Amino acid sequence: MTASIDIRDAFKTFGHGTQAIQALEQANLAIRPNEFVTFVGASGCGKSTLLRMIGGLESLSRGSIAVNGQPIAGPGVDRAMVFQHYSLYPWLTVTQNIKFCRQLKAHTHDRTSADVEQAAGRADALIRLMGLSHVADAYPSQLSGGMQQRVAIARALMSRPPILLMDEPFGALDAQTREVMHDLIRHVHRMEGSTIVFVTHDVEEAIYLGQRIVLMAPRPGRIDTLYDVPLPAERHQDMKLAPEFLALKREILERIRETSGMKTDLEQLARLNAAVGADAALTTD
Amino acid sequence: MSASKRAGGGGSSLWQIRSAIDPRQYWLLALFGLVAPLVAWLVASQLDGTDKVFLPGPADVLARIWSWATDDDLAADVAISTWRVVAGWALSAAIALPLGLFIGSYRAVQALLEPLTDFVRYMPAVAFIPLVMLWVGIEEGSKVAIIFIGTFFQMVLMVAEDVRRVPLAQIEAAQTMGATRSEILEKVIVPSAKPALLDTLRVTMGWAWTYLVVAELVASNSGLGYAVLKAQRFLQTDKIFAGILLIGLIGLLIDQGFRLVHRKAFPYLAGRHR
Ligand SMILES: Nc1ncnc2c1ncn2[C@@H]1O[C@H](COP(=O)(O)OP(=O)(O)OP(=O)(O)O)[C@@H](O)[C@H]1O
Ligand SMILES: [Mg+2]
């Protein structure tokens, strides 16, 4: 299952009057079916806001977002979302969390016994795929952060969503666990054929995972540059050392620095240092 | 050796912030915490020059409880008081739980009801006594009404707060799985808030007991609070002590009951239950 996403002239303003924050200004982006797109950019550039708008969790101030040509109105089962944390249900076991959507009316149209059986099979398959078999009956509080995120991903995949939206899902994980998760999510992308939109502030993660990278810039939040990732569809960890990988990483990091206003910060710091130096020179005299 | 003891972490010191301690140690300390004041009381009452009317000893109070039980129908007083407290509290809960759920879930309901509730909760329950007598009469209903007034408004606000503490990500995850509004209330917000709600019920039950004496100011002729008030009139200090201790004891038992239910009902919170 897969789907396209069309973002047309999307604006988002938070607040009113003098308090108004322009979180997103005129975003235009067409995401192809089964594409893996990653969003990067300085903090506060509107990555989460845009992702949440696609998910239907945030309304648009202007413009439109369409899935398979149909304008979206609120959240829907065609767009599953994985959050950074605190989204699992602590009172349910791992298996119950993954099967949560089966309790909802939105998923009861397929309640023939064959479908129920198939769903049970899918839950089992996801538990095995995510390496959760040994904790299937544990509660989320008994799991490590990495395992909890696997449960969250399995839960999102349970209903075979054509679109998977992920907001820094691995932000809280250590480097080793992240690498495992990266290969896992790429495997899911290939196997399920879903369209994946993935927000991160880790440029290496963005390049390794994405087929296309959307760089956003802050104040006002906007889409700045699109990059095609010059790597084959099949990825390996050692590609992170390939010259084209490193070149793209440098280019993106440079652009983020330019757009984030960090440069001026550095200049200010230099001025400050110079001033302190002059002061010190005065006192030693 | 002492160098290996770190200030904030590691080791198994009793003074480790929030760290678990041996259950035996826990119960020993709890017992000590309960017995020490008793001993202090005993000593103070035995001192020369301590007037029995001013401070009766534990033995006097025990004797009073005994005679109360045998001659004065203590069981009936306990039963009627417990009934009043539980009825007032249960009535509060029956209305506060659904109302708090809506205040905590919908901003519009919050705007409509929360400022009003916040305002009313600062009004002293005692001051309502004349009004309650006027509106409800002086039957059982009036005692229940006072306890209701004393607990309800606080309870609504606490329930609303418990509901608002449900992580937004839990709700949004359900939304992206296609949950309807009623499904989110029933399958996410309520189960997620349940442990906090049970805590709120436990705490407000304690408050309900503190309103018992006030409630039994209203034309009573039975109950623990009434007994304390009557004893005050005749300067029976030992009976005042007996009444206060019994109220405390019943409260403690009910509180422990709630904690037990909490442990049994929410096994997934194993880390929190010591
Ligand atoms: N609910 C909200 N109310 C008001 N302002 C908001 C809200 N959500 C986001 N904003 C503002 O919109 C801007 C974009 O926020 P957003 O969270 O989308 O950034 P981000 O790119 O995801 O940042 P980060 O990398 O730190 O997660 C910020 O200035 C933020 O303060
Ligand atoms: Mg963000």
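The values are calculated or read from the model by the stated rules, or taken from the named source; none is laboratory data. From a predicted model like this one, the values you see are computed outputs, not experimental measurements. Positions of Cβ are generated from backbone atoms using ideal geometry, with glycine treated the same way; all protein chains shown enter the neighbour counts.
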For region A:161-177, how many residues are more than 16 Å from ligand 1 (Cβ to nearest atom) and either at pLDDT 90 or above or within 11 Å of chain B (Cβ to nearest Cβ) (or both)?
-> 4
Please go through region A:206-216 and pick out each residue that is within 11 Å of the chain's Cα centre (by Cα) and either surrounded by fewer than 21 Cβ atoms within 10 Å (Cβ to Cβ) or within 14 Å of ligand 2 (Cβ to nearest atom) (or both).
-> A:206
For region B:223-246, does any single residue satisfy the condition of being at pLDDT 90 or above, surrounded by fewer than 20 Cβ atoms within 10 Å (Cβ to Cβ), within 14 Å of chain A (Cβ to nearest Cβ) and at negative phi?
-> no
Assuming residue B:177 fulfils every condition listed in (1) touching a Leu at 6+ places or on another chain (Cβ under 9 Å); (2) at pLDDT 95 or above apart from one, which condition is it?
-> (2)
For residue A:152, are the conditions met, namely being surrounded by 20 or more Cβ atoms within 10 Å (Cβ to Cβ), outside any helix (DSSP H, G or I) and within 13 Å of chain B (Cβ to nearest Cβ)?
-> no
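Residue by residue, here is whether (1) basic (Lys, Arg); (2) more than 16 Å from ligand 2 (Cβ to nearest atom); (3) within 11 Å of chain B (Cβ to nearest Cβ) holds:
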{"site": "A:26", "(1), (2), (3)": "no, yes, no"}
{"site": "A:37", "(1), (2), (3)": "no, no, no"}
{"site": "A:52", "(1), (2), (3)": "yes, no, yes"}
{"site": "A:64", "(1), (2), (3)": "no, yes, no"}
{"site": "A:75", "(1), (2), (3)": "no, yes, yes"}
{"site": "A:82", "(1), (2), (3)": "no, no, yes"}
{"site": "A:93", "(1), (2), (3)": "no, yes, yes"}
{"site": "A:97", "(1), (2), (3)": "no, yes, yes"}
{"site": "A:101", "(1), (2), (3)": "no, yes, yes"}
Counting only helices (runs of 4 or more DSSP H) wholly inside region B:117-219, the ones holding at least 2 residues that are assigned by TED's automatic domain parsing to the domain that holds residue B:252, among the aromatic types (Phe, Trp, Tyr) and touching a residue at least 12 places away in the same chain (Cβ under 8 Å) are B:140-164, B:190-210
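Here's the yes/no breakdown for (1) of a type outside the set (A, V, I, L, M); (2) modelled with pLDDT of 85 or more:
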{"position": "B:4", "(1), (2)": "yes, no"}
{"position": "B:10", "(1), (2)": "yes, no"}
{"position": "B:14", "(1), (2)": "no, no"}
{"position": "B:24", "(1), (2)": "yes, yes"}
{"position": "B:33", "(1), (2)": "yes, yes"}
{"position": "B:39", "(1), (2)": "no, yes"}
{"position": "B:62", "(1), (2)": "no, yes"}
Just checking, how many residues over region B:166-187 are in contact with a Lys or Arg (Cβ under 8 Å, 6 or more places away or on another chain) and more than 7 Å from every other protein chain (Cβ to nearest Cβ)?
-> 1
Please tell me if residue A:13 is in the same structural domain as residue A:226 (by TED's automatic domain parsing) and within 16 Å of ligand 1 (Cβ to nearest atom).
-> no
Residue among B:163, B:190 that is modelled with pLDDT of 95 or more, more than 14 Å from chain A (Cβ to nearest Cβ) and closer than 29 Å to residue A:58 by Cα | B:163
Hits in region B:17-34 (condition: basic (Lys, Arg) and outside any helix (DSSP H, G or I)) | B:18
Within region A:178-203, the residues that are part of a loop (DSSP other than H, G, I, E, B) and either under 9 Å from the mean Cα position of the chain (by Cα) or more than 14 Å from chain B (Cβ to nearest Cβ) (or both) are A:193, A:200, A:201, A:202
Just one of A:242, A:217 is in contact with a Ser or Thr (Cβ under 7 Å, 6 or more places away or on another chain) and more than 16 Å from residue A:37 (Cα to Cα); which is it?
-> A:217
